[in-house]
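Chemist: Okay, handing you the structure first.
Laboratory data are not the source of any read-out in this text; all were calculated from the coordinates shown. In this text, all values refer to a predicted model and were calculated from it rather than measured experimentally. Using ideal geometry, Cβ is built from the backbone for each residue, glycine included, and neighbour counts are taken over all protein chains shown.
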């Protein structure tokens, strides 16, 4: 197979990335990759925890040159690192900041800047080379590894680049609130830029003011790559959004109300991405125009033997999906929620995703989630709980609004007000974190509630 370039569709002097409003040229990136590759130890696996997105990209390129596999676990806790060592005993950690809490051999990102007057050739990578191993978080048991080869990854993000219009508009700059160490950020804030000619900002602004500051100092068409959680927080905190060319959103269901508000206030279309760790991204939709998802080029979504499968395109082998999907015309599909989220109470059926959508659509709710306890109540009946961040609402008012939206059998008992939900850096709510929150709060709410 023909080797594929590390970066594509750009000249040496073209902008590869931005840091603090200053451009970094593609030639400079290639020089940094060569310098770091020469400093890397003789090992097979690297945990790249660089918080600077550009330095993460340098580490990724250098690892590919050294034929080292980048490990991408769901987190960097001591337990996860121990699991990684069991999987890859030769792993070491590449970091651009002190990482004393990670018990691996450390390689600090080289200080200073690479200097090279020569124009370096763009490295070409074997399509079959394993670029990364991404691990599913797994609510129980050990995280499952999923190999990501360079060829399918490139094919994936080339299809995404076309869908996002980056090939037609390579001057666009991606500003992401999600880290590059997770699959969505890896694909949609980094690889898609590397393979389309677009550029990206090196930072990861999290708070609304930081997002606006980062966008404001880039004098180019801007694309915001974010999550529903980050987007809701941004819209709730900022009166005037910087003008955007496009918003890209993923990791959780996006309400049509939030999509409409984002488009109206930013002046940009919002494109949503559907996918999972096992397959990578699979489809896109514009929620303000349709509820149907359009698969990426050559990707097929079909149902057989009572399960929904993804295959074709960049998906190397047919993969079952954990979602309830209804296929419609022309290969498109409608997403009805995760199979594990289906709830049956008193002969009635719904999903936790639908209930969460209704809860978060209530004015005054900043964040919220429904939870199905594993245990039944003393009377043998399973009851839903909900956790909500709504500082300006009381329980009675919120339940009254919710009663207008969902069947009374699905009303949460209890409804627990909290200061914040334990979301990850990508805006997701890990099952273990939600279970810990429930263990802390549910026993306290057996009596009177707010």
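Chemist: Normalised by the number of residues in the chain, what is the relative contact order in percent for Cα pairs under 8 Å and 6+ residues apart?
Modeler: It comes to 11 percent, rounded to a whole number.
Chemist: At 0.36 nm per residue, minus the direct Cα-Cα distance, what do residue 257 and residue 8 gain on full extension? Give it in nm, one decimal, please.
Modeler: 85.9 nm
Chemist: Viscosity 1.306 mPa s, temperature 10 °C: Stokes-Einstein D of segment 269-333 from its Kirkwood Cα radius, in µm² per second?
Modeler: 132 µm²/s
Chemist: For residue 363 and residue 83, what is the calculated FRET efficiency with R₀ set at 56 Å and r taken between the beta-carbons, to the nearest 0.05?
Modeler: Using R0 = 56 Å, I get an efficiency of 0.85.
Chemist: OK, next. How large, in Å, is the chain by the Kirkwood hydrodynamic radius built from its alpha-carbon pairs?
Modeler: Here the Kirkwood hydrodynamic radius works out to 23.2 Å.
Chemist: Now for a separate question. On full extension of the chain, what length is gained from residue 336 through residue 19, given 0.36 nm per residue of separation minus the C-alpha to C-alpha distance?
Modeler: 110.1 nm
Chemist: If we count other beta carbons within 10 Å of each Cβ, what is the order of 316, 83, fewest first?
Modeler: 316, 83
Chemist: Most exposed first by the Cβ proxy, i.e. fewest other Cβ within 10 Å, how do 150, 309 rank?
Modeler: Starting with the residue having the fewest Cβ neighbours, the order is 309, 150.
Chemist: Right, something else. Binned at 10 Å from 0, what are the whole-percent values of the Cα-Cα distance distribution for segment 226-273, short to long?
Modeler: Spelled out bin by bin, segment 226-273 gives 28, 65, 7 percent.
Chemist: Another one. For segment 201-316, what is the Kirkwood hydrodynamic radius in Å, using each pair of distinct C-alpha atoms?
Modeler: 15.5 Å
Chemist: Could you check how many percent of all C-alpha pairs in segment 131-275 are farther apart than 25 Å?
Modeler: That tail contains 27 percent of the Cα-Cα pairs.
Chemist: Please report Rg over Rh for segment 16-55, where both radii come from the alpha carbon positions and Rh follows the Kirkwood definition.
Modeler: 1.03
Chemist: Further question: Please rank 245, 219, 210, fewest neighbouring Cβ atoms within 10 Å first, as an exposure proxy.
Modeler: Neighbour counts put them in this order, fewest first: 219, 210, 245.
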